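The values are calculated or read from the model by the stated rules, or taken from the named source; none is laboratory data. The model shown is predicted, which means the values in this text are computed figures rather than measured ones. We place every Cβ from the backbone using ideal geometry, glycine too, and count neighbours over all the protein chains shown.
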Amino acid sequence: MSKKLSANTIDLLNRPTIVQSAAVGGKKEGEGPLGSYFDIINEDSLFGEDTWEKAESTMQKTVVNKALEKANLKSTDMDFIFAGDLLNQCIGSSYGLRDLDIPFIGLYGACSTMAESLTMASIFADNGLANYAMAVTSSHFCTAERQFRFPLEYGGQRTPTAQWTATASGAAIVAPNGDGPFVKSVTIGKIRDFGITDVNNMGAAMAPAAYYTIKTHLEDTATQPSDYDLILTGDLGQVGTDLLIDLLMRDNIDISKQHNDCGLLLYDLEKQDVHAGGSGCGCSASTLCGYILPKMRQGKLNNILFIATGALMSTTSVQQNQSIPGIAHCLNISTQR
């Protein structure tokens, strides 16, 4: 059974296992530093469909089927699937997964959705509610631009603080038992809003939430940054990363030696025109599922914190010039039970 350590942090006493994972990406992601780590790269951003939204749904279905294939499992083996995306009413997930006939729990955590879905899958597995549970999310550059900013045809100029929404998807299968990596604990974040209103500056909007969650996790688990091989944030990009490190340093918490960010790993900032880095649900999901978890299985990483961050605005709140609330959830994943 899981045990609460604090208002935010839960110790998963049975140490559920991430038995398998998969990552799917688009052409730009395939050209980046992590391109070779994706299970599938599709050169066609439409994934054979006639709309961007259908393409994102196809991408999610593809990554789920790939994860099942790698784990030698069928969709009927899954007890629950936790999924979400950036689209209104999470249609990327609901339309993409409707034919799989798996009990579905839709989530919205914006770009924090991979940490949120993996947290829920792990808690269900830890408490005997699922023999197998899957966490999955996705994002698509074209669907996100159309919904939150401007249609691509508009040709608007992107600001230096803007980030590139990844066309990518990640899926992870969690079970109560296995050989690892193990989910040891989770810290569920609180909403933090520092008054940022610029939809092209997601890093600044999300950094305070990442600061709160990392600080809380370290305090609740009586650990320090040096206890971890890697402290990986979701998609703060360069702007948010600098802010996060500065905020933590004010509390004498130095994560600079252990920290990296999925938004900085996924793309080459010098060679690819992504400005401040990558973003989107699929950014942290594909980096974790395609790059980090395999490294853990290979013994190249042993103990990590994965903190996916999200900006909880909507198209309506942006039009009303409301500030952008941030959220961040954290999982401690280890090769040691």
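Selection over the range 82-120 of residues that are more than 14 Å from Gly170 (Cα to Cα) and of a type in the set (D, E, K, R) gives a count of 3.
Filter the range 177-216 down to residues that are among the polar types (S, T, N, Q) and surrounded by 24 or more Cβ atoms within 10 Å (Cβ to Cβ) and give me whichever is farthest from Lys4 (Cα to Cα).
Of the range 177-216, the ones among the polar types (S, T, N, Q) are 177, 185, 187, 197, 200-201, 213, 216.
So of that shortlist, the ones also surrounded by 24 or more Cβ atoms within 10 Å (Cβ to Cβ) come out as 185, 187, 213.
On the way: Ser185: 10, Thr187: 10, Thr213: 16 Å.
The qualifying residue farthest from Lys4 (Cα to Cα) is Thr213.
Taking helices (runs of 4 or more DSSP H) as the structural unit, those lying wholly within the range 228-323 and holding at least 1 residues that are more than 12 Å from the chain's Cα centre (by Cα) and of a type outside the set (Gly, Ala, Ser) correspond to 237-249, 262-265, 293-297, 315-319. For the range 185-223, filtering for residues that are part of a helix (DSSP H, G or I) and among the basic types (Lys, Arg) leaves 1.
So, in the range 298-322, of the ones that are among the hydrophobic types (A, V, I, L, M, F, W, C) and in contact with an Asp or Glu (Cβ under 8 Å, 6 or more places away or on another chain), which residue ends up nearest to Asn200 (Cα to Cα)? Before you say what the answer is, go through the steps one by one.
Quick first cut of the range 298-322, residues among the hydrophobic types (A, V, I, L, M, F, W, C) only: 301, 304-308, 311-313, 318.
The next check asks that each one be in contact with an Asp or Glu (Cβ under 8 Å, 6 or more places away or on another chain); those that pass are 301, 304, 308.
On the way: Leu301: 33, Ile304: 29, Ala308: 18 Å.
Only one residue fits best here, namely Ala308.
Only residues that are surrounded by fewer than 19 Cβ atoms within 10 Å (Cβ to Cβ) and either under 22 Å from the mean Cα position of the chain (by Cα) or closer than 26 Å to Glu270 by Cβ (or both) were counted in the range 217-226, giving 1.
When you check Asp99 against the structure, is it out of contact with any Phe, Trp or Tyr (no Cβ under 7 Å at 6 or more places or on another chain), of a type in the set (Asp, Glu) and farther than 26 Å from Ile327 by Cα, yes or no?
On the way: out of contact with any Phe, Trp or Tyr (no Cβ under 7 Å at 6 or more places or on another chain): yes; of a type in the set (Asp, Glu): yes; farther than 26 Å from Ile327 by Cα: yes.
In short, yes.
When you go through (1) free of Cβ contacts under 8 Å to residues at least 60 places away in the same chain; (2) in contact with a Leu (Cβ under 9 Å, 6 or more places away or on another chain); (3) within 29 Å of Glu145 (Cβ to Cβ) one by one for Gly326, which number turns out not to apply? Exception for Gly326: condition (1). Summed over the range 234-289, the residues that are among the polar types (S, T, N, Q), touching a Leu at 6+ places or on another chain (Cβ under 6 Å) and closer than 24 Å to Ile324 by Cα give a count of 1.
The conditions of being over 14 Å from Ser286 (Cα atoms), of a type outside the set (D, E, K, R) and modelled with pLDDT under 95 are not met by Ala71.
Which of the helices (runs of 4 or more DSSP H) found entirely inside the range 45-130 contain at least 1 residues meeting this: more than 28 Å from Gly263 (Cβ to Cβ) and not assigned by TED's automatic domain parsing to the domain that holds Asp261?
Correct list: 52-70, 113-126.
From Ser21, Ser45, Ser117, which residue is surrounded by fewer than 20 Cβ atoms within 10 Å (Cβ to Cβ), in contact (Cβ under 8 Å) with a residue 12 or more places away in the chain and either closer than 21 Å to Thr287 by Cα or not hydrophobic (A, V, I, L, M, F, W, C) (or both)? Write out each step before concluding.
Details: Ser21 fails: surrounded by fewer than 20 Cβ atoms within 10 Å (Cβ to Cβ); Ser117 fails: surrounded by fewer than 20 Cβ atoms within 10 Å (Cβ to Cβ).
The conditions single out Ser45.
Within the range 31-42, the residues that satisfy the criterion of being in a helix (DSSP H, G or I) and either without any contact (Cβ under 8 Å) to a residue 24 or more places away in the chain or closer than 16 Å to Ser138 by Cα (or both) are Gly35, Ser36.
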